[in-house]
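Before any comments, here is the structure.
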Amino acid sequence: MNVNGNEYSWSSLSARFGGARLDGAKSIKYSDEIEGREAVYGASRKPRGRTRGRYKVGDCSLTLYLSDFKSLIAELGNGWGDVEGELVVHFEEGDEIHEHVLERVKLSGGDHSAEEGTDAATVEIKLNVMDIRRDGLYLVAA
């Protein structure tokens with residue numbers, strides 16, 4: 001549902017990892033799926049049913065401007081790739097708030113990018129995520 005004609009957009013988003021606010025986030029990407037939900041056949045051409053499959057978190061990443069990346073890893077300290085935390089993403093329009101929580105996240109390194117021109121330098125951080133909760137709900141219940 002949009003709020004006063006406004007759909008959620010990048011300006012609706014705020015994020016934090018552990019205690020660090022990620023005000024300099026340029027982009028965030030996360031996904032999950034049920035993998036291998038395959039049809040099961042017997043002695044028939046039509047399926048008898050399907051397997052339950054298994055839960056899998058897809059490719060997840062966070063892109064920060066270089067100055068914000070430096071602040072984040074300074075707060076996390078030496079061995080910042082071993083720190084496990086939650087990445088909390090809020091989408092807010094008016095009184096309407098949606099919260100997505102990426103659970104048991106570890107940062108898996110940074111891909112630095114700078115180009116000739118006027119764009120600011122960025123760092124794409126690959127995220128290792130164990131589960132995703134959207135507005136308190138999971139794709140697969142425990």
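Which residues does a label at residue 131 reach in the stretch 19-34, if reach means a backbone N under 15 Å from a point 7 Å past the Cα toward the Cβ?
32-33
Test of understanding: in a Gaussian network model of the chain with alpha carbons linked when under 10 Å, which of 94, 117, 36 would top the mean-square fluctuation ranking?
117
What range in the chain is the longest one free of trypsin sites (Lys or Arg not before Pro) that are in a loop by DSSP and have at most 13 other Cβ atoms within 10 angstrom? Walk me through the intermediate numbers first.
Working: sites that count: 37, 45, 52.
Here the longest segment lacking exposed loop sites spans 53-142.
Determine the gain in length on full extension of the stretch residue 56-residue 86; use 0.36 nm per residue of separation and subtract their C-alpha separation, reporting nm with one decimal.
Details: separation 30, 0.36 × 30 = 10.80 nm, distance 1.74 nm.
Taking 0.36 nm per residue and subtracting the Cα distance, the gain is 9.1 nm.
With no solvent and one point on each alpha carbon, what is the Debye value of log10 I(q)/I(0) for the chain at q = 0.09 Å⁻¹?
Listed by q, the Debye log ratios stand at -0.38.
Which of the lysines could be linked to residue 29 by a straight reach, that is with a Cα gap under 16 Å, when you skip same-chain ones fewer than 8 residues away?
Within the straight-line cut-off, residue 29 pairs with 56, 106, 126.
Taking +1 at the Cβ of each Lys and Arg and -1 at the Cβ of each Asp and Glu, which of 20, 88, 65 sits farthest along the dipole of the chain towards its positive end, judged by Cα position relative to the Cα centre?
Of the candidates, 88 comes out farthest on the positive side.
What residues of the stretch 35-76 lie in the reach of a label at residue 26, counting those whose backbone N is under 16 Å from a point 7 Å from the Cα along Cα→Cβ?
Those under the cut-off are 61-72.
For the chain, find the longest principal axis of its Cα atoms and tell me its angle to the long axis of helix 66-76, 0 to 90°, nearest 10.
The answer is roughly 80 degrees.
Would you mind getting me the FRET efficiency between residue 66 and residue 34? Use the beta-carbon distance for r and R0 = 30 Å, nearest 0.05. Could you put the intermediate results ahead of the total?
Numbers: r = 37 Å, r/R0 = 1.23.
That pair, residue 66 with residue 34, gives E of 0.25.
Count charges around residue 110 for me, please; just the other residues with Cβ under 12 Å from its Cβ, Lys/Arg as +1, Asp/Glu as -1. Please list the in-between numbers first.
Working: positive: 70, 126; negative: 68, 111, 124.
That works out to -1.
Which loop-located GluC sites (Glu not before Pro) does the stretch 1-80 contain, where loop means any DSSP state but H, G, I, E or B and the Cβ has at most 16 other Cβ atoms within 10 Å?
Values: sites: 7, 33, 35, 38, 75; in loops: 7, 38.
For GluC sites (Glu not before Pro) across the stretch 1-80 that sit outside H, G, I, E and B with at most 16 neighbouring Cβ atoms in 10 Å, the list reads 7, 38.
Readers should treat all values here as calculations from the given coordinates under stated rules, not as data from a laboratory. These numbers come from a predicted model, not from an experiment. Virtual Cβ from ideal backbone geometry, glycine too; neighbours counted across all protein chains shown.
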